[in-house]
1. Please turn the phi angles of region 293-310 into ³J(HN,Hα) values with the Karplus equation 6.51 cos²θ - 1.76 cosθ + 1.60 (θ = phi - 60°), one per residue in order, whole Hz, x for glycine and proline.
2. Given bins 10 angstrom wide, list per bin the percent of all Cα-Cα distances in region 83-173, short to long.
3. Lys pairs in the chain, Cα-Cα under 26 Å, at least 8 apart or on separate chains: how many?
4. Output the direction-averaged projected area (hull surface divided by four) of the convex hull of the alpha-carbon atoms of region 88-133, in nm².
5. In whole Å and largest first, what semi-axes does the C-alpha gyration tensor of region 186-318 yield when each eigenvalue is scaled by 5 and square-rooted?
6. Among Val216, Phe226, His181, pick out the residue whose Cα is farthest towards the positive end of the charge dipole of region 163-259, where Lys and Arg carry +1 and Asp and Glu carry -1 on C-beta, about the Cα centre.
7. How big is D for region 12-123, in µm² s⁻¹ as a whole number, if Stokes-Einstein is applied with the Kirkwood radius of its Cα pairs at 37 °C and 0.692 mPa s?
8. How large is the charge dipole for the chain, taken about the Cα centre, if only the Cβ atoms of Lys, Arg (+1) and Asp, Glu (-1) carry charge, to the nearest 20 debye?
Amino acid sequence: MNSQKLQSETGYVVVVGGMNMDIFGMPDRKVIERDSNIGEIGMAVGGVGQNIAQNLAHLEVPTYLVTVYGDDYNGALLQQSCAENHISLDQAHEIKGGRSSTYMYITDEHGDMLVGVNDMAICEQITPEFLATKLDFINHADICLIDANISQQAIDWLGSHVTVPLFGDTVSVTKAHHFEHILNKLHTLKPNALEASLLSGVKVTDTQSAEAAAAVLLDKGVQNVFISLGADGILCANQRGMVHVPILKTDIVNANGAGDCGMAAITWSYFTNPERELQATGQIAQAASSIALESTKSVPDITPHQVSQKLEALTILN
């Protein structure tokens, strides 16, 4: 891939989605039920919307996160984290007396989750009425990226009122359907194989079936589709063609966060150059995902220079 400009002089991106505090417990040895287990307890700022926003900020994109959080202890930590990572919360809202979105989980001694508790009810406050107060700001952005954690009602409203390019992150199989009413309004959609199967009705098992699913999504009105196929790379498609971009050779340290980083990279690619070729954007997404896979963090310390180095130095697997 030829060296291309990976910077932008002006503009900003708005991310509409969730932000939460993750609290996890990892026991040192086999779990003893209904008893105290010695192990490690940690906290980390998470949420798909926040993770994507943080990656975009690391990639030097002016980023605003439209979300809600409580006036509790976790809310204060979330605000502090956003400030440290240069994510603007100017368009977010603190809910007085609200509990910030929190996700708590316990793993077994191998790191596999045993049980989780999801307290994300505050995200229901991201309503059409709330979003209407942000509409003018959103419509002056370069891109509005939607995280499927918000309600289908809110996503439908954004699809009807936002005039700038809409990007969608499907998040999970259980939430991907939130986009089904606005597929014809989406500039870019990045599902994985299972999510693409759900939205297209085509079971994705390989590159060929991914192409068939992408064709259905394009017929439904999505302008650009990027189907993540895990170890098989990414299928990139629009009305001008389809291209399969393999993974980059990577020493995997942590698989958590590669998807959010790849979504941010696709957004960044369009933000810095809306005319960039489809294959080049796929390569940028794979380079960013590779950086995330090599990091111990859910959101890596990614920079434009690191992406450029990946594109120039890493061997693409055939």
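Values in this text are rule-based calculations from the coordinates and carry no lab data. Predicted, not measured: the structure shown is a model, and the values here were computed from it. Positions of Cβ are backbone-derived with ideal geometry, glycine not excepted, and every protein chain shown enters the neighbour counts.
1. 5, 8, 9, 7, 8, 5, 10, x, 7, 7, 9, x, 5, 4, 5, 4, 5, 4
2. 13, 38, 32, 13, 4
3. Value for the chain: 24.
4. Directional mean of the projected Cα hull area for region 88-133 stands at 4.9 nm².
5. 23, 16, 13
6. With unit charges placed on the Cβ atoms, the residue in question is His181.
7. On the way: Rh = 14.9 Å.
The diffusion coefficient I find is 220 µm²/s.
8. Roughly 580 debye, rounded to the nearest 20.
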